[in-house]
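Enquirer: Sharing a structure below in structure tokens format, with a few things to ask.
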Amino acid sequence: MSNEPFRQMTAVTAPIIRENIDTDIIIPSREMKSVGKQGLAEGLFAGWRYTAIGGRDLNPDFVLNKPEYAGTRFILGGSNFGCGSSREHAAWALSEYGIRAVVAPSFNPIFRGNCVRNGIVPVELPADSIAELAAQVEADPAARQVNIDLEACIVRAPNGKEFSFALEPEAREMLLEGLDAIEITLKRRAEISAFREADRAARPWVYL
């Protein structure tokens, strides 16, 4: 399998609720030093995590650098999350850092697809529901554990309140089973083979 399956998880959740967080904020172009998926986590949110461009001195005011948010696996974001360029490095950097879900009112469609292909659950909730979740995780260090249940399509707040979300069936199947686009297609290998054999019989000249 390409990705670790996601069924449900309870994890530390960090609020980064800003509108239009683009892919260059998620992973600045200067941090993209290879075409592979490895070595990108250090550059995640580099413009916000570090005190100087190109440096590695941590900005103590940025949420992911705060001790109480160590081990963050979920991010609460603002509308149009992942806008800007189509760079898949943004999803790669989030995944390598350990982010398994982003909760936002809306996503750039390309970024959303990149998340699904890289094992990150894109959860769409209304802005007021996200604000309610953020208020809880910010108010009490012990309340930063949010539960995301992809099997039931429910986000459970620390106080037990539930928020339902929707995800199209193929994307949900890919995330639940840890499959990429090729692997989910190959689940229909028998149908593909049957079609090819029938087509070969009907149009043998195509297969010469």
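The values are calculated or read from the model by the stated rules, or taken from the named source; none is laboratory data. Predicted model, so just to flag it, every value in this text is computed and none were measured. FYI the Cβ positions are ideal-geometry reconstructions off the backbone, even for glycines, and counts take in every protein chain you see. Ligands, DNA and RNA are excluded from the accessible area calculation, which covers all protein heavy atoms including side chains. Shrake-Rupley method; radii C 1.70, N 1.55, O 1.52, S 1.80 Å.
Enquirer: Which number in (1) within 30 Å of Asp140 (Cβ to Cβ); (2) not in a helix (DSSP H, G or I) marks the one condition that Leu179 misses?
Expert: (1)
Enquirer: Please state which one of Val103, Val137, Val116 is modelled with pLDDT of 95 or more and either in a helix (DSSP H, G or I) or more than 16 Å from Phe74 (Cβ to Cβ) (or both).
Expert: On the way: Val103 fails: either in a helix (DSSP H, G or I) or more than 16 Å from Phe74 (Cβ to Cβ) (or both); Val137 fails: modelled with pLDDT of 95 or more.
None of the other options fit; the residue is Val116.
Enquirer: Which numbered condition trips up Pro109, out of (1) under 15 Å from the mean Cα position of the chain (by Cα); (2) of a type outside the set (D, E, K, R); (3) under 28 Å from Asp61 (Cβ atoms); (4) exposed (fewer than 15 other Cβ atoms within 10 Å of the Cβ)?
Expert: It fails just one condition, (3).
Enquirer: Is it the case, given these coordinates, that Ala104 is over 25 Å from Gly36 (Cα atoms), touching a residue at least 12 places away in the same chain (Cβ under 8 Å) and of a type in the set (Gly, Ala, Ser)?
Expert: On the way: over 25 Å from Gly36 (Cα atoms): yes; touching a residue at least 12 places away in the same chain (Cβ under 8 Å): yes; of a type in the set (Gly, Ala, Ser): yes.
For Ala104, the condition - over 25 Å from Gly36 (Cα atoms), touching a residue at least 12 places away in the same chain (Cβ under 8 Å) and of a type in the set (Gly, Ala, Ser) - is met.
Enquirer: Here's something else I'd like to know. Being open to solvent by 10 Å² or more (accessible area, probe 1.4 Å) and in a loop (DSSP other than H, G, I, E, B) is the filter; apply it to region 144-156 and report the residue that is modelled with the lowest pLDDT.
Expert: Arg144
Enquirer: Please give the number of the condition Ala46 fails out of (1) without any contact (Cβ under 8 Å) to a residue 40 or more places away in the chain; (2) within 16 Å of the chain's Cα centre (by Cα).
Expert: Every condition holds for Ala46 apart from (2).
Enquirer: With the requirement that a residue be in contact (Cβ under 8 Å) with a residue 24 or more places away in the chain and under 17 Å from Phe107 (Cβ atoms), what does region 134-158 give you?
Expert: Ile148, Leu150, Val155
Enquirer: Among the candidates Asp128, Asp199, which residue alone is within 25 Å of Leu64 (Cα to Cα), free of Cβ contacts under 8 Å to residues at least 12 places away in the same chain and more than 15 Å from the chain's Cα centre (by Cα)?
Expert: Details: Asp199 fails: within 25 Å of Leu64 (Cα to Cα).
From the options Asp128, Asp199, the qualifying one is Asp128.
Enquirer: Given (1) at positive phi; (2) at pLDDT below 95; (3) among the polar types (S, T, N, Q), where does Ser2 come up short, assuming only one miss?
Expert: All conditions pass for Ser2, except number (1).
Enquirer: Which residues, counting only those in region 16-54, are open to solvent by 20 Å² or more (accessible area, probe 1.4 Å) and part of a strand (DSSP E or B)?
Expert: Scanning region 16-54 gives a single hit, Asp22.
Enquirer: Cβ-Cβ below 7 Å, separation at least six or inter-chain, first residue in region 61-78 and without any contact (Cβ under 8 Å) to a residue 60 or more places away in the chain, second of a type in the set (Gly, Ala, Ser): which pairs?
Expert: Once the first residue is without any contact (Cβ under 8 Å) to a residue 60 or more places away in the chain and sits in region 61-78, its partners that are of a type in the set (Gly, Ala, Ser) give Val63/Ala14; Leu64/Ala14.
Enquirer: With respect to Leu179, determine if the residue is closer than 22 Å to Ile99 by Cβ, aliphatic (A, V, I, L, M) and modelled with pLDDT of 90 or more. Can you show your working first?
Expert: Working: closer than 22 Å to Ile99 by Cβ: yes; aliphatic (A, V, I, L, M): yes; modelled with pLDDT of 90 or more: no.
No, not satisfied.
Enquirer: Restricting the search to region 163-193, which residues are among the hydrophobic types (A, V, I, L, M, F, W, C) and open to solvent by 60 Å² or more (accessible area, probe 1.4 Å)? Break it down stepwise before answering.
Expert: Step one: of region 163-193, the residues among the hydrophobic types (A, V, I, L, M, F, W, C) are 163, 165-167, 171, 174-176, 179, 181-182, 184, 186, 190, 192.
Scanning region 163-193 gives Ala166, Ile182, Leu186, Ala190, Ile192.
Enquirer: Of all residues in region 55-80, count the ones that are small (Gly, Ala, Ser) and surrounded by fewer than 15 Cβ atoms within 10 Å (Cβ to Cβ). Steps first, answer last, please.
Expert: Going residue by residue through region 55-80, those that are small (Gly, Ala, Ser) are 55, 70-71, 77-79.
Keeping just the survivors that are surrounded by fewer than 15 Cβ atoms within 10 Å (Cβ to Cβ) gives 55, 70-71.
Here the count works out to 3.
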